[in-house]
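Novice: Here it is, the structure, as structure tokens.
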Amino acid sequence: MVELRKITHDNFDEVIALHVADHQTGFVSTVSHALAQAWLYRDTAFPFAIYADDIPVGFVMLGYYQARDQYTLWKFFIDERCQNRGYGRQALRLAVDYLRAAHNAREIYTGVSVGNTVAKHLYLSFGFEETGLIEDHMEELRYVCSE
């Protein structure tokens, strides 16, 4: 069973040890960097560890981008040792459900690094759509939440 869990003293060390494969490091921040951002933006950042059967398998950080009045999938990855097991899709569903339930999000935006075809395929197959905006080597995608 996949679930999102808050990051606490109890799981901090195992969560910051999560990482992507070497060829993916240019596509996503480390957990440590993301948690530093979460602290700076603590009123609008929502970081979670992704667990599967009580084992940490990934990290997701959601947020609210005030300047554009939109909710975001800000950071998202599955640990290199746990990829290709369906955890990403399940965690993405949980992240969308969280933003809808906790914040009444109607749309969710994310950026995918140009060239990150694996992540882009996941997002598009989930229902995200390209907005046409490319900024800072990131392609913007939008998910419209169904009623």
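Novice: Please list the radius of gyration and Dmax for the chain, considering alpha-carbon atoms only, with Å as the unit.
Specialist: Reported Rg and Dmax, both Å: 14.3, 41.
Novice: Per-residue HN-Hα couplings for segment 78-92, Karplus 6.51 cos²θ - 1.76 cosθ + 1.60 at θ = phi - 60°, whole Hz, x for Gly and Pro?
Specialist: After applying 6.51 cos²θ - 1.76 cosθ + 1.60, I find 10, 3, 4, 6, 10, 6, 6, 10, x, 5, x, 5, 5, 5, 4 Hz.
Novice: While we're here: How large a share of the accessible area of the chain, in percent, is made up of carbon and sulfur atoms when the probe is 1.4 Å and the other protein chains stay in place?
Specialist: Answer for the chain: carbon and sulfur cover 50 percent of the accessible area.
Novice: Measuring from centroid to centroid over Cα atoms, what is the spacing of segment 29-85 and segment 1-20 in Å?
Specialist: What the calculation gives is 10 Å, centre to centre.
Novice: What ³J(HN,Hα) values, in whole Hz, does the Karplus curve 6.51 cos²θ - 1.76 cosθ + 1.60 give for segment 15-26 when θ = phi - 60°, with x put for Gly and Pro?
Specialist: Computed from phi, the couplings for segment 15-26 are 6, 6, 7, 5, 7, 8, 5, 3, 6, 9, 5, x Hz.
Novice: On to the next question. Between Ala17 and Ala67, what is the spin-label point distance in nm, taking each point 7 Å from the Cα along the Cα→C-beta axis?
Specialist: Result: 3.7 nm between the two label points.
Novice: As a test of the formula, what do you get for the chain when each DSSP H run with n ≥ 4 contributes -39,500 (n - 2.57) and the sum is divided by the residue count, at 222 nm and rounded to the nearest 500 deg cm²/dmol?
Specialist: Here the helix-only value at 222 nm equals -8500 deg cm²/dmol.
Novice: Roughly how big is segment 67-130's charge dipole about its Cα centre, with Cβ charges of +1 (Lys, Arg) and -1 (Asp, Glu), in debye to the nearest 20?
Specialist: Charge dipole of segment 67-130: 160 debye, to the nearest 20.
Novice: Whose amide H sits under 5 Å from the amide H of Val114, counting only residues 5 or more places off or on another chain, with H placed in the peptide plane?
Specialist: For Val114, whose amide H was placed from the backbone, the distant partners under 5 Å are Met138, Glu139.
Novice: Would you kindly derive the ³J(HN,Hα) couplings of segment 48-56 from the backbone phi angles with the Karplus curve 6.51 cos²θ - 1.76 cosθ + 1.60 (θ = phi - 60°), listing them in order in whole Hz, with x for Gly and Pro?
Specialist: Running phi through 6.51 cos²θ - 1.76 cosθ + 1.60 with θ = phi - 60° gives 9, 8, 9, 10, 10, 6, 6, 10, x Hz.
Novice: A further question on this structure: Taking the solvent-accessible surface of protein heavy atoms with a 1.4 Å probe, what is the per residue accessible area of the chain in Å²?
Specialist: Ligands and nucleic acids excluded, the result is 58 Å² per residue.
Novice: Report the relative contact order of the chain, percent, no decimals, based on alpha-carbon pairs under 8 angstrom and at least 6 residues apart. Walk me through the numbers on the way to the answer.
Specialist: Details: 229 pairs, mean separation 29.0, N = 147.
Relative contact order of the chain: 20 percent.
Novice: Next question, about the same structure. Multiplying the sequence separation of Ala36 and Leu94 by 0.36 nm and subtracting their Cα-Cα distance, what value in nm do you get?
Specialist: Numbers: separation 58, 0.36 × 58 = 20.88 nm, distance 2.29 nm.
In short, 18.6 nm is gained.
The values are calculated or read from the model by the stated rules, or taken from the named source; none is laboratory data. Computed from a predicted model, the values in this text were never measured in an experiment. All Cβ positions, even for glycine, are placed from backbone atoms using ideal geometry, and neighbour counts span all protein chains on display. Calculation scope for accessible area: heavy atoms of the full protein, side chains included, ligands and nucleic acids excluded. Shrake-Rupley method; radii C 1.70, N 1.55, O 1.52, S 1.80 Å.
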